[in-house]
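Working notes, beginning with the structure itself.
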Amino acid sequence: MQTLVSVGELRTRLSAWRQGGARIALVPTMGNLHEGHLELVRLAAREAERVVVSIFVNPTQFGPSEDFASYPRTPEADRAALAAEGVDAVFLPEEAEVYPLGRSAATQIRIPALMDDLCGRGRPGHFEGVATVVLRLLNMVGPDVAVFGQKDYQQQLVIRHLVRDLNVVTRILVAPISREADGLARSSRNQYLDPGERARAPALYAALRTVAAGLAEGGQSAAALCDAAMAGLQEAGLAPEYLEVRDAATLAPADPVRRPWVVLAAARLGRARLIDNLLIP
Ligand code: AMP
């Protein structure tokens, strides 16, 4: 497995692979890899002959009071896990490689209809940071396919939107949410939970499932089901930010005659901010 830190050496390596006829898949990550990331890598390997995984803790997607400084960084363990998966290259750029003109001069990308709601409300500027780094990585690698996780539902919609709107040729694939045995969605931030919090954390996914079951049963409105689920989360000791049923394609308010829907939630628990979602076919 190659470890590459500059765009120059990345491009040299990629063009040799392309000349050999290989398709290239990119899996962008912030590192501290867990089984959920490795499932993205496996999906990438089924779609392309060469797999590149990027590891970059992107400063522009963190708010000023968020965990950029303390975000877990484990490059050696990550490299070992990726090598064991047969990944061809890990791209570990420095900030100056990703933001060559400096962060303050960085080109902004805004998609108001998708970025300002739900997680964008609690994390202003977050999706602008995600979009700018993902577009940079897509331009650096020029992959045939890039793989993201459904865990970050709003994020994958932002990425699909910018790729369609800006005519980026990369095909976007989204892998299902990887969960612990008790239902908690895997996340690098789960390690912020102390044992008591960790025991309460599966309440988030349970709340989504309760709402989905209520919708399937009928009789109660989505709003009433979400209100009850929010109250349940509070009783379980979580501090919910939002829990809503939305149109799965646009995140607009759910329309009774337009499916699929998605139930999305975010909640604080101790030092962690947990997110999760569930598609309603
Ligand atoms: P991150 O390193 O947290 O930025 O995540 C990198 C990629 O992995 C993103 O596309 C995430 O959506 C995806 N991902 C993270 N956790 C999970 C999970 N539990 N299941 C599926 N995909 C995930």
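For the range 143-213, averaging the sequence separation of C-alpha pairs within contact (under 8 Å, six or more residues apart) and dividing by the residue count gives a relative contact order of 28 percent. Principal-axis analysis of the Cα atoms of the chain puts helix 75-84 at an angle of about 80° to the longest axis. Panel note: the C-alpha atoms of the range 188-280, placed on their principal axes, show extents of 43, 24, 16 Å (largest first). Ranked by the mean number of other Cβ atoms within 10 Å of their residues, highest first, the peptides 171-181, 65-75 come out as 171-181, 65-75.
Global dimensions of the range 3-70 from alpha-carbon coordinates: Rg and Dmax equal 14.5, 47 Å. For A175, the amide hydrogen comes within under 5 Å of the amide hydrogens of F148, G149, Q150, counting only partners 5 or more places away or on other chains and with H modelled in the peptide plane. The HN-Hα couplings worked out from phi for the range 269-281 by the Karplus form 6.51 cos²θ - 1.76 cosθ + 1.60 (θ = phi - 60°) are 8, x, 7, 9, 10, 9, 10, 6, 7, 8, 6, 10, x Hz, whole numbers, x standing for Gly and Pro. Restricting the count to DSSP beta bridges whose residues both fall in the range 188-280, what percent are antiparallel, rounded to a multiple of 5? Approximately 100 percent, going by the DSSP bridge assignments. Compared with the dominant Cα axis of the chain, that is its longest principal axis, helix 222-235 is turned about 90°. With the charge dipole of the range 139-281 set up from +1 on Lys and Arg Cβ and -1 on Asp and Glu Cβ about the Cα centre, the Cα lying farthest toward the positive end among the listed residues I280, N190, M230 is that of N190. Charge dipole of the chain (Cα centre as origin; +1 on each Lys and Arg Cβ, -1 on each Asp and Glu Cβ, all else neutral): 480 debye, rounded to the nearest 20. For the chain, the longest principal axis of the C-alpha atoms and the axis of helix 153-165 are separated by about 50°. Restricting to the chain, what percent of DSSP beta bridges are antiparallel, rounded to 5? Rounded to the nearest five, the antiparallel share is 50 percent.
Under the criterion of Cα pairs below 8 Å and six or more residues apart, the relative contact order for the chain equals 17 percent.
With n ≥ 4 as the cut-off for DSSP H runs, can you work out [θ] at 222 nm for the chain, using -39500 (n - 2.57) per run divided by the number of residues, rounded to the nearest 500?
-12000 deg cm²/dmol
Note on the range 2-175: Kirkwood radius taken over Cα pairs, Stokes-Einstein applied at 37 °C and 0.692 mPa s, translational D equal to 200 µm² s⁻¹. Comparing P28, A69, F56 along the charge dipole axis of the range 1-102, the residue lying farthest to the positive side is P28, per the Cβ-charge model.
Values quoted throughout were computed directly from the atomic coordinates according to the rules given, and no laboratory measurement underlies them. This one's a predicted model, so the numbers in the text were calculated from it and none came from an experiment. Positions of Cβ are backbone-derived with ideal geometry, glycine not excepted, and every protein chain shown enters the neighbour counts.
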